[in-house]
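The values are calculated or read from the model by the stated rules, or taken from the named source; none is laboratory data. Keep in mind that what you see is a predicted model, and the values were worked out from it rather than measured. Here the Cβ is made from the backbone with ideal geometry for all residues, glycine too, and neighbour counts use every protein chain on show. All accessible areas refer to the heavy atoms of the entire protein, side chains included, with ligands and DNA or RNA removed. Shrake-Rupley method; radii C 1.70, N 1.55, O 1.52, S 1.80 Å.
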Amino acid sequence: MQDKKIPKTKPELMESIMTDSKNLSTLTILFHQTIADRLGLHITDHKCVDFLFTQGPQTAGEIAKSMGLSTGAVTSLIDRLEKKGLVERKNDPNDRRKVRIFLTQDMAAMQKIGSLFESLAKAVWEQLSGYTAEELKIILDFTRKSIKMMEEEREKLLQNRPNV
């Protein structure tokens, strides 16, 4: 992709940010699909592993709610991840009636996943290094507000789901 010129007016800047954000979103999805393909996983399985990595052990119901999946779909998802050696079901240490899904301690599998992100992490770090601390504060503010907005918009869609 060639460098585009920076628009001069505020409306042009806003339109460019909207367009480029959409393109970034699409490329992010395609990147994660490629990661999933490399790991021999479905994209949903890959994102479940990521979810467990960032959020910690969860019940199947919590995974279903967070990922917007049916409990039946999550049961199949967990079964697939168990067969790949990526997760295991364990009793909740605080409530033995509950079963939580834990990432396995299979370091080889986790290192394989992590190695696929090394180049991206390095590139992002290098890109961020080019900004001043004040610019980074603005980027962080935008990122955090965007996450909150996306969570709210997703929740609206989940609550207003048509009966199909």
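Out of everything in the stretch 113-136 that is without any contact (Cβ under 8 Å) to a residue 60 or more places away in the chain and closer than 19 Å to D37 by Cβ, what residue ends up being most open to solvent (accessible area, probe 1.4 Å)?
Narrowing the stretch 113-136 to residues without any contact (Cβ under 8 Å) to a residue 60 or more places away in the chain: 114-115, 118-119, 121-136.
Next, from what is left, pick out any that are closer than 19 Å to D37 by Cβ: 114-115, 118-119.
Details: G114: 35, S115: 57, E118: 123, S119: 89 Å².
Per the criteria, the residue is E118.
Scan S21, S16 and give me the residue that is among the small types (G, A, S), within 17 Å of the chain's Cα centre (by Cα) and within 24 Å of L120 (Cβ to Cβ). Steps first, please.
Numbers: S16 fails: within 17 Å of the chain's Cα centre (by Cα).
On inspection, the qualifying residue turns out to be S21.
Identify all residues within the stretch 38-51 that are more than 14 Å from the chain's Cα centre (by Cα) and either open to solvent by less than 50 Å² (accessible area, probe 1.4 Å) or at pLDDT 95 or above (or both); write none if there are none.
Pass one, the stretch 38-51, residues more than 14 Å from the chain's Cα centre (by Cα): 38-41.
If the condition is that a residue be more than 14 Å from the chain's Cα centre (by Cα) and either open to solvent by less than 50 Å² (accessible area, probe 1.4 Å) or at pLDDT 95 or above (or both), then L39, G40, L41 are the ones that fit.
Which residues, taken from the stretch 83-92, are within 20 Å of the chain's Cα centre (by Cα) and part of a helix (DSSP H, G or I)?
Matches in the stretch 83-92: none.
Quick test of your reading of the structure: F31 fulfils all but one of (1) without any contact (Cβ under 8 Å) to a residue 40 or more places away in the chain; (2) part of a helix (DSSP H, G or I); (3) not β-branched (V, I, T). Name the failing condition by number.
Here F31 clears every test but (1).
Residue under question is I139, and the condition is that it be under 16 Å from the mean Cα position of the chain (by Cα) and part of a helix (DSSP H, G or I); does it hold?
Values: under 16 Å from the mean Cα position of the chain (by Cα): no; part of a helix (DSSP H, G or I): yes.
Taking the combined requirement at face value, the residue does not satisfy it.
With respect to K145, is the statement that it is within 17 Å of the chain's Cα centre (by Cα), on the phi < 0 side of the Ramachandran plot and open to solvent by 80 Å² or more (accessible area, probe 1.4 Å) true? Walk me through it before giving the result.
Details: within 17 Å of the chain's Cα centre (by Cα): yes; on the phi < 0 side of the Ramachandran plot: yes; open to solvent by 80 Å² or more (accessible area, probe 1.4 Å): yes.
Answer is yes for this residue.
Could you list, in sequence order, all residues of the stretch 104-129 that are assigned to a helix (DSSP H, G or I) and either in contact with an Asp or Glu (Cβ under 8 Å, 6 or more places away or on another chain) or closer than 30 Å to N91 by Cβ (or both)?
Initially, the stretch 104-129 is screened for residues assigned to a helix (DSSP H, G or I), giving 107-129.
Answer for the stretch 104-129, where residues must be assigned to a helix (DSSP H, G or I) and either in contact with an Asp or Glu (Cβ under 8 Å, 6 or more places away or on another chain) or closer than 30 Å to N91 by Cβ (or both): M107, A108, A109, M110, Q111, K112, I113, G114.
Any idea how many residues of the stretch 1-37 are open to solvent by less than 100 Å² (accessible area, probe 1.4 Å) and not acidic (D, E)?
Looking only at that region, the number is 19.
Restricting to the stretch 59-72, give me the number of residues that are open to solvent by 40 Å² or more (accessible area, probe 1.4 Å) and of a type in the set (A, V, I, L, M).
Qualifying residue count, the stretch 59-72: 2.
Conditions (1) modelled with pLDDT of 95 or more; (2) within 30 Å of E152 (Cβ to Cβ), marked per residue:
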position: K65; (1), (2): no, yes
position: G68; (1), (2): no, yes
position: G72; (1), (2): no, yes
position: D95; (1), (2): no, no
position: K98; (1), (2): no, yes
position: L116; (1), (2): no, no
position: Y131; (1), (2): yes, yes
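Restricting attention to the stretch 83-112, and to residues there that are among the hydrophobic types (A, V, I, L, M, F, W, C) and within 17 Å of Q55 (Cα to Cα), which single residue is surrounded by the most Cβ atoms within 10 Å (Cβ to Cβ)? Explain how you work it out, then say what you get.
Taking the stretch 83-112 first, the residues among the hydrophobic types (A, V, I, L, M, F, W, C) are 86-87, 99, 101-103, 107-110.
Still in the running and within 17 Å of Q55 (Cα to Cα): 86-87, 99, 101-103, 110.
Numbers: L86: 23, V87: 25, V99: 15, I101: 23, F102: 14, L103: 17, M110: 15.
Per the stated criteria, the residue is V87.
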